[in-house]
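Please read the structure below before turning to the comments.
The values are calculated or read from the model by the stated rules, or taken from the named source; none is laboratory data. As the structure is a prediction and not an experimental result, all values here were calculated from the model. Heads up, the Cβs are rebuilt from the backbone with ideal geometry, glycines too, and the neighbour counts pull from every protein chain shown.
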Amino acid sequence: MNNFNLSKFFYAVIAMLLLTSCSAMNTKVGGVLDLDTDFQLSFIVEDNINPDDSKVPSPVIVRMYELKSTKLFEKANFIDLYERDAEVLGKSMIAQQALKAIKPGEERTENFVLSKDTQYIGLYVEFLQFENAKYKVTIPIAQTNIISSSAKVQLLDNTISILK
């Protein structure tokens, strides 16, 4: 009888650990069961990004948009997205999040679980000298739960670009 109680305790502990690890990995069940689309985003950041008036590099904030289409995102200008992105993007925007500040010279990889409705990712960089900057890009997302999508993005001076 003692072995029976010990095995019940062991299975209860294993079940609690599994449930805890699942909730720690992602708040969506899809992150564990691959029901939603996984997306890996890697940043390669040069030392000279986001220079101020004195040419001193500065960290940047990148906003990531989950989009149904790219039309409104591509049409929007810097100020429109900065001040009123939800209004400008309307129903084409599924979700938006500001990523942790990216420092000059940093390399970072982040993983996301996207909504099943997400067809594109829009990245928008809050450059100080935005007037002549290339501050946004769009990335198509694989519409399958079997293959995850990924992208490598380079930040250089006042430019964001997708690396092949």
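Does the stretch 147-160 contain at least one residue that is among the β-branched types (V, I, T) and within 24 Å of K91 (Cα to Cα)?
Keep residues of the stretch 147-160 that are among the β-branched types (V, I, T), which gives 147, 153, 159-160.
Right, trim to within 24 Å of K91 (Cα to Cα) and you get none.
The answer is no; no qualifying residue exists.
Just checking, does the stretch 1-8 include any residue being at pLDDT below 65, exposed (fewer than 12 other Cβ atoms within 10 Å of the Cβ), in a loop (DSSP other than H, G, I, E, B) and hydrophobic (A, V, I, L, M, F, W, C)?
yes
Scan the stretch 56-103 for residues that are over 18 Å from E126 (Cβ atoms) and either at pLDDT below 95 or assigned to a loop (DSSP other than H, G, I, E, B) (or both) and report the count.
Adding up the residues that qualify gives 3.
State all residues of the stretch 122-159 that are in a strand (DSSP E or B) and under 15 Å from A76 (Cβ atoms); if no residue qualifies, say none. Outline the logic, then answer.
Taking the stretch 122-159 as the starting set, the residues that turn out to be in a strand (DSSP E or B) are 122-125, 134, 136-140, 149-156, 159.
Passing the criteria: G122, L123, Y124, V125, K134, K136, V137, T138.
Going by what's in this entry, would Q96 be described as touching a Phe, Trp or Tyr at 6+ places or on another chain (Cβ under 8 Å) and either surrounded by fewer than 19 Cβ atoms within 10 Å (Cβ to Cβ) or over 22 Å from S42 (Cβ atoms) (or both)? Before you say what the answer is, go through the steps one by one.
On the way: touching a Phe, Trp or Tyr at 6+ places or on another chain (Cβ under 8 Å): yes; either surrounded by fewer than 19 Cβ atoms within 10 Å (Cβ to Cβ) or over 22 Å from S42 (Cβ atoms) (or both): yes.
It is true that Q96 is touching a Phe, Trp or Tyr at 6+ places or on another chain (Cβ under 8 Å) and either surrounded by fewer than 19 Cβ atoms within 10 Å (Cβ to Cβ) or over 22 Å from S42 (Cβ atoms) (or both).
Exactly one condition in (1) under 21 Å from K71 (Cβ atoms); (2) surrounded by fewer than 15 Cβ atoms within 10 Å (Cβ to Cβ); (3) free of Cβ contacts under 8 Å to residues at least 40 places away in the same chain; (4) not charged (D, E, K, R) is not met by V137; state its number.
That leaves (2) as the condition not met.
Does K28 satisfy the condition of being at pLDDT 90 or above and farther than 17 Å from E106 by Cβ? Step through it out loud before you land on a result.
Working: at pLDDT 90 or above: no; farther than 17 Å from E106 by Cβ: yes.
Here the answer is no, as K28 does not meet what is asked.
Out of everything in the stretch 104-124 that is aliphatic (A, V, I, L, M) and modelled with pLDDT of 95 or more, what residue ends up being farthest from D52 (Cα to Cα)? Spell out how you get there, then give the answer.
Within the stretch 104-124, the subset aliphatic (A, V, I, L, M) is 113-114, 121, 123.
When the remaining residues are screened for being modelled with pLDDT of 95 or more, the result is 121, 123.
On the way: I121: 28, L123: 21 Å.
The extreme case among them is I121.
Return only the number of the condition from (1) assigned to a loop (DSSP other than H, G, I, E, B); (2) touching a residue at least 24 places away in the same chain (Cβ under 8 Å) that V113 does not satisfy.
(1)
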